[in-house]
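Here is the structure we will look at.
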Amino acid sequence: MEDCLLKAREDYRLMSQTGVKQYVFPMDSDHNAIWDGMVTKDGAMYFSLATELSTAGFARLYRYDFETNTAEECFKAEDVIMPSYEAIRASKFHTSISEMADGKLVMTTHSTDKSPLHPAWMPWGYYHHVWEGYAGSNIIIYDRRTGKAENLGIPVPHESIYGALYDARHNALFFTGFFRGHVYRYAFDEHRLIDFGQLSENFTFRLVFDKNGDVIGASRSGWMYKINAETLEVQDLNYQLPHKTYPAYTGGDFKEFGNGAVGPDGRLYLFVFYGRQVIAYDSDTNTFESMGDYLPGYEKHAADETRNGVIGMDFDKDGVLWYAVYSRNCSSGIREIGMPSSLFRWDITRGGKPEWMGIIGTPKRAACWTSELCISSEDIMYITGSNHATDGPDITAVDLKQYREDMYRLCEETLEDEYYMNPDSERYQKIADFLYKQDKFGEENNWKVEMDLASQPTRLWRALAPDHIEDSSVKALFWEDGTTLTGVCGSSENEYIFRTVDGKLTELIEKEKDPQRCKKLMDAKENQPDIKGLPYYPGRQYLAAASASVDMGGKTIVGTRDGMLAVCDGDKVFGLGPAVYNGPIRDLCVTPDGKKVYGVGGHADDMGIVFSYDEENGLRWLGHVTYDAPSEYSTIHCPVITSCAVSPDGKRLAVGSGGRLGQIIYYQLK
């Protein structure tokens, strides 16, 4: 296997220019990205112009015309959604634009740009902020005939919709939540919203249909699921996508799929995000087959990358698969270097092999982060190029009827695009410095619990898959020794007792097999003292009751049903203030020396917090429970935190999550 396809700039050979047109937005445009694009049944191409990170801008809907090679603005998001000036911006439509049964377009807003009051995009730090946080994504319908856009409102407060899929048979919209990983369905005729629960940890944007019209998705950890579009039942497919971990990419770890399309054989073809294998899913048999590497023979796509992937892909009228491979090194602790995307062709259902068709674009401009590739009924292929530094984005359009006649003759002209050919230019050095500082600012304002893992996490939801995932919510945790943890998980219908050793699940039994043990574990958590005089929010005194408590050096630390924390010493109650944003304190635990308390809490529809208290440092919020460093067992995100426990040797803190994806993370205490 060779190191990489594009070893040096001499290898930047452009695709054939036959049948190719390109539209490039102004270099200094406030809008620097495209993360949504689609083609209607009548061949019209629509896309979202977006801002990311730096300009506090709003999304735009555009229409591209191939014949005239022009782009026309349809509407501005801020003219439709009535935003607050202080709030984090609805800066894009992301993987959501769909054609409805009546020919209108439906789309959802998403955010990757800051409030004008903030130094950077800070969605997690301001998630709970009423005025400056992200209010939540809007559903917008655009009437192509009249040019009017209608705002249907925010279906889920504070949540940013990361991807959506319109079901024409039932006039309903399925969509995913960026922050909390829930999947939802909004029925336009009934005006009814369904929350399917946390089907992914977070950060999954793509939903696709199989040949039967059922919805296919995956968790960020790569586990596949299906939602029956008729019955609305969620089926775990008990299959994890084959992924590739990129250690140099420190921005996160992703194992879901980036895109998928039904091939001429009726199977659904999926590109893993991140992974090198193309996977074919047969919905008749619920089986998966690896079709091979999308970049065969090469370890890398480009020399300077920290990862490569595929998001844009589609089948043409002949059943041939076309896809765009991109390389990136952003969010990797280094300054960005531009690397162009490549076009590939693969006759995948007839035994063909992937064919490299050259760099996407023209001599003046090559596509960078290719977000969408879609082919119209007229055989026009549209490829959206995004994140060309902070420059305006581009669209490369290809008339495949003409292109096929000359597709193997690569362009003889040299690529002139300065972003790739002259990375030391003053313009791109300044942009690289700016983006690097943005990354560093994010690291300095971390929103996650900053403790190393003590062991691998425990995914109870996978141990109970495929039929009892809903019973994986953690209810109680107790340590037996320095490495052995026991606890209870379950729902209102079923409960289980479990045991782990160094994070590995060693026991999982129904509570009926040991009811006394289950009762003992639960009684220790549920029996709370009746204490008067606990702190409260004025007007919500009725919630000034204990929801969790623990002894600390002869005193009692008490958490309330409204998130307040207090120190109780006899009849004296000393209020410490709120320990979580909203909701109750759900659990408290103390270190073996009795000097420090850890706690968890938060509303069931909010983002939970881990906190600590000791007499030297007072009450300290430690952050949200998320771990996504590149590793085989990463991708942990717990919006609802229900339990915590410190090991008898004081070296480990176990934190358990509620909701649909019950899991336990083990932090190393110093």
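The values are calculated or read from the model by the stated rules, or taken from the named source; none is laboratory data. A quick note: this is a predicted structure, and the numbers were derived from the prediction, not measured. Virtual Cβ from ideal backbone geometry, glycine too; neighbours counted across all protein chains shown. The protein model used for the area step is the full one, side chains on, heavy atoms only, and it has no ligands, DNA or RNA in it. Shrake-Rupley method; radii C 1.70, N 1.55, O 1.52, S 1.80 Å.
Data table
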{"quantity": "Filter result for Ala544 (open to solvent by less than 60 Å² (accessible area, probe 1.4 Å), free of Cβ contacts under 8 Å to residues at least 40 places away in the same chain and either under 21 Å from Gly618 (Cβ atoms) or not acidic (Asp, Glu) (or both))", "calculated": "yes"}
{"quantity": "Leading residue by the ranking (surrounded by the fewest Cβ atoms within 10 Å (Cβ to Cβ)) among those in the stretch 594-622 that are under 23 Å from the mean Cα position of the chain (by Cα) and among the β-branched types (Val, Ile, Thr)", "calculated": "Ile609"}
{"quantity": "Test result for Arg63, at pLDDT 95 or above, open to solvent by 60 Å² or more (accessible area, probe 1.4 Å), within 29 Å of the chain's Cα centre (by Cα) and farther than 17 Å from Ala90 by Cβ", "calculated": "yes"}
{"quantity": "Filter result (assigned to a loop (DSSP other than H, G, I, E, B) and open to solvent by 40 Å² or more (accessible area, probe 1.4 Å)) within the stretch 150-172", "calculated": "Ile154, Pro157, His158, Ala168, Arg169, His170"}
{"quantity": "Residue in the stretch 540-561 that is part of a loop (DSSP other than H, G, I, E, B) and under 32 Å from the mean Cα position of the chain (by Cα) present", "calculated": "yes"}
{"quantity": "Filter pass, Tyr382 being more than 22 Å from the chain's Cα centre (by Cα) and more than 23 Å from Gly260 (Cβ to Cβ)", "calculated": "no"}
{"quantity": "Qualifying residue in the stretch 141-149 (condition: in a loop (DSSP other than H, G, I, E, B), open to solvent by 20 Å² or more (accessible area, probe 1.4 Å) and under 21 Å from Ser84 (Cα atoms))", "calculated": "no"}
{"quantity": "Condition check for Thr414: more than 18 Å from Asn32 (Cβ to Cβ), of a type in the set (Ser, Thr, Tyr) and either crowded, with 19+ Cβ neighbours inside 10 Å or out of contact with any His (no Cβ under 7 Å at 6 or more places or on another chain) (or both)", "calculated": "yes"}
{"quantity": "Strands (runs of 3 or more DSSP E) enclosed by the stretch 269-312 - at least 1 residues per element that are among the polar types (S, T, N, Q) and open to solvent by 10 Å² or more (accessible area, probe 1.4 Å)", "calculated": "277-282, 287-293"}
{"quantity": "Qualifying strands (runs of 3 or more DSSP E) (wholly inside the stretch 173-259; at least 1 residues being surrounded by fewer than 16 Cβ atoms within 10 Å (Cβ to Cβ))", "calculated": "182-187, 192-198, 234-240"}
{"quantity": "From Thr635, Thr591, residue being more than 20 Å from Leu543 (Cβ to Cβ) and at pLDDT below 95", "calculated": "Thr635"}
{"quantity": "Strands (runs of 3 or more DSSP E) contained entirely in the stretch 598-653, each with at least 3 residues that are free of Cβ contacts under 8 Å to residues at least 60 places away in the same chain", "calculated": "609-614, 618-623"}
